[in-house]
Amino acid sequence: MAMDRRQVLTRFWQFGIVLVAGAGLWTTWDLLRPTGASGFGAKIRTVPPDSVPEEGAVEVSVARSYLVNIEGDVRALSWKCTHLGCRVPFCESSGRFECPCHGSVFNRAGDLLSGPSPRGMDEHPIEVGDDGLIYIDTGTTVEGPPPGTETIDEPALGPSCTEGGHG
Ligand code: FES
């Protein structure tokens, strides 16, 4: 009888260990899986492609990005500076991205024009969903182009925001 009881208890503990291991795995998966369709790291639903103008940049805060329309090609540029990670604002007066931290300047296509950044602005892939809206894949980052790359020739529209101008 005592042996039977011991066996039952052993089984009970084995079962408990399996349950705990299962719960741990579930929790880990729950923490690591993509965060649905809303937060940074997920695919962020934004706007239809034709609502991204051919001038300026559309800020998408939740994606920490800007949508730009470069000659009909809509792209999502990360606002995280490729130098030391400051948030790079778009300067309305110059029509360029200008980092306030150490002065890196990028054109509207994200190419590095000047400053200490080692490359142009990083980019997140986009896709147009069945609903006709642009989704920014913030879980994937493509490194910006090397210095010297200039895919567009857009002169500054006006004064810089970081050199005494007003954005
Ligand atoms: S963090 Fe942008 S230039 Fe240094």
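A short reminder: the numbers here are calculations on the coordinates, not readings from a lab. Just so it is clear, the structure is predicted and the values come from calculations on it, not from any experiment. Note: ideal-geometry Cβ built from the backbone for every residue, glycine included; neighbour counts use all protein chains shown.
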Under the 7 Å Cα-to-Cβ spin-label approximation, residue 86 and residue 51 lie apart by a distance in nanometres of 3.2 nm
Stretch residue 156-residue 128 to full length: gain in nm at 0.36 nm per residue minus the Cα-Cα span? 7.0 nm
By average C-beta atoms within 10 angstrom, highest first, the peptides 73-79, 142-148: 73-79, 142-148
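Remind me, relative contact order of region 33-167 in percent, using alpha carbon pairs under 8 angstrom and six or more residues apart? Mind dumping the intermediate values first?
Numbers: 324 pairs, mean separation 32.1, N = 135.
For region 33-167, the relative contact order is 24 percent.
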Pulled fully out, how much extra length does the chain show between residue 163 and residue 142, if you take 0.36 nm times their separation in residues and subtract their Cα-Cα distance? 4.6 nm
Cβ-based charge dipole, region 107-167, positive-most Cα from 118, 161, 140: 161
